[in-house]
Amino acid sequence: MNRKMNCLSPSILSADFSKLGEQVRELDEAGAQYVHIDVMDGMFVPSISFGMPVIRSIRACSDRIFDVHLMIEEPGRYIDDFAEAGADLITVHAESCKHLDRTVEAIKQKGILAGVALNPATPLSAVEYILPRVDMVLIMTVNPGFGGQKLIPYTLQKVRDLKRMIDAENLKIDIEVDGGITLENVTEAMDAGANIIVAGSAVFQGDIAENTRMFLDILKS
Ligand code: DX5
Ligand code: ZN
């Protein structure tokens with residue numbers, strides 16, 4: 001059985017950018033193990049978020065795992081830049097890489113963790129052969145592009161199927177879920193097999209430290 005520690009990865013897409021450093025510190029002090037950093041290019045997804053300079057400047061605010069989710073076309077062009085900006089884990093979308101194997105290898109070459117993300121409608125077969133080479137698979141539980149959307153229920157079946165695939169091959173790979181995760185549905189996502197939980201609006205709306213602690217309590221139980 002692939003039993004890994006449950007970790008929280010708050011998505012700073014929902015942060016107040018006028019206080020970004022302060023809020024990243026607050027997540028760290030409240031105990032969140034990862035910081036989820038959503039990079040969007042206005043091509044792969046409709047929206048544009050931020051890039052390397054922002055990551056570089058918040059690197060000084062936290063030693064937690066910087067979990068960089070690249071929602072950009074051909075992310076292979078920027079692996080060196082994101083690794084140098086301070087990423088500990090880079091996740092690329094299978095749908096955005098012409099040569100996924102080459103891009104995953106480029107991430108591993110930087111000595112950091114490599115993840116592959118799948119949009120809701122993308123089948124698991126897109127990662128089947130590369131599974132032994134990756135550290136994490138990110139199952140998008142909404143269509144990527146925006147925070148604050150509702151989880152698409154069938155994506156949890158995909159998490160269950162992926163967990164079965166990973167266990168059948170006796171691999172040690174993290175499963176991350178991203179999009180529409182709340183205090184109400186996080187247990188269902190963990191029961192399906194996810195162990196890295198991204199939450200944006202559910203962490204940043206209201207009291208950040210309190211929301212983080214409430215998530216962590218559920219993740220520990
Ligand atoms: C969506 C992003 C998510 C998003 C999650 O494209 O990848 O990380 O910020 O936000 P919530 O938790 O509000 O759905
Ligand atoms: Zn994300």
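The values are calculated or read from the model by the stated rules, or taken from the named source; none is laboratory data. Please read all numbers here as calculations on a predicted model, not as lab measurements. Backbone-built Cβ (ideal geometry, glycine too); neighbour counts: all protein chains shown. Accessible surface areas use protein heavy atoms only, side chains included; no ligands, DNA or RNA. Shrake-Rupley method; radii C 1.70, N 1.55, O 1.52, S 1.80 Å.
What translational diffusion coefficient, in µm²/s and rounded to a whole number, does the Stokes-Einstein relation yield for the chain at 25 °C and a viscosity of 0.890 mPa s, taking the hydrodynamic radius as the Kirkwood radius over Cα pairs?
Translational diffusion coefficient: 144 µm²/s.
Solvent-accessible area per residue for the chain at a 1.4 Å probe radius, Å²?
That works out to 44 Å² per residue.
How many angstrom lie between the C-alpha centres of region 153-221 and region 69-87?
Region 153-221 and region 69-87 have Cα centres spaced 24 Å from each other.
Given Cβ point charges of +1 (Lys, Arg) and -1 (Asp, Glu) and nothing else, what value in debye, to the nearest 20, does the dipole of the chain about its Cα centre take?
360 debye
So what does R133 come to for accessible area, using a 1.4 Å probe and Å² rounded to 10?
100 Å²
Can you give me the % of accessible surface on region 7-220 that is carbon or sulfur? Probe 1.4 Å, all protein chains present, nothing else counted.
50 percent
Per-residue HN-Hα couplings for region 39-54, Karplus 6.51 cos²θ - 1.76 cosθ + 1.60 at θ = phi - 60°, whole Hz, x for Gly and Pro?
Result, ordered by residue: 9, 10, 10, x, 10, 5, 10, x, 8, 10, 10, 7, x, 3, x, 5 Hz.
Structure shown: which of K98/K150; K4/K158; K108/K150; K172/K220 lie over 23 Å apart, alpha-carbon to alpha-carbon?
Working: K98/K150 29 Å; K4/K158 18 Å; K108/K150 33 Å; K172/K220 20 Å.
Violating the 23 Å Cα-Cα cut-off are K98/K150; K108/K150.
When the solvent-accessible surface of protein heavy atoms is calculated with a 1.4 angstrom probe, in what order do F50, F215 fall, highest first?
F50, F215
Amide H of S11 versus every other amide H placed in the peptide plane: which residues, excluding those fewer than 5 positions away on the same chain, fall under 5 Å?
Correct list: H36, A199, G200.
Which net charge results for the neighbourhood of E84, defined as the other residues with beta-carbon distances under 15 angstrom from its beta-carbon, given Lys and Arg at +1 and Asp and Glu at -1?
Every neighbour counted, the sum reads +1.
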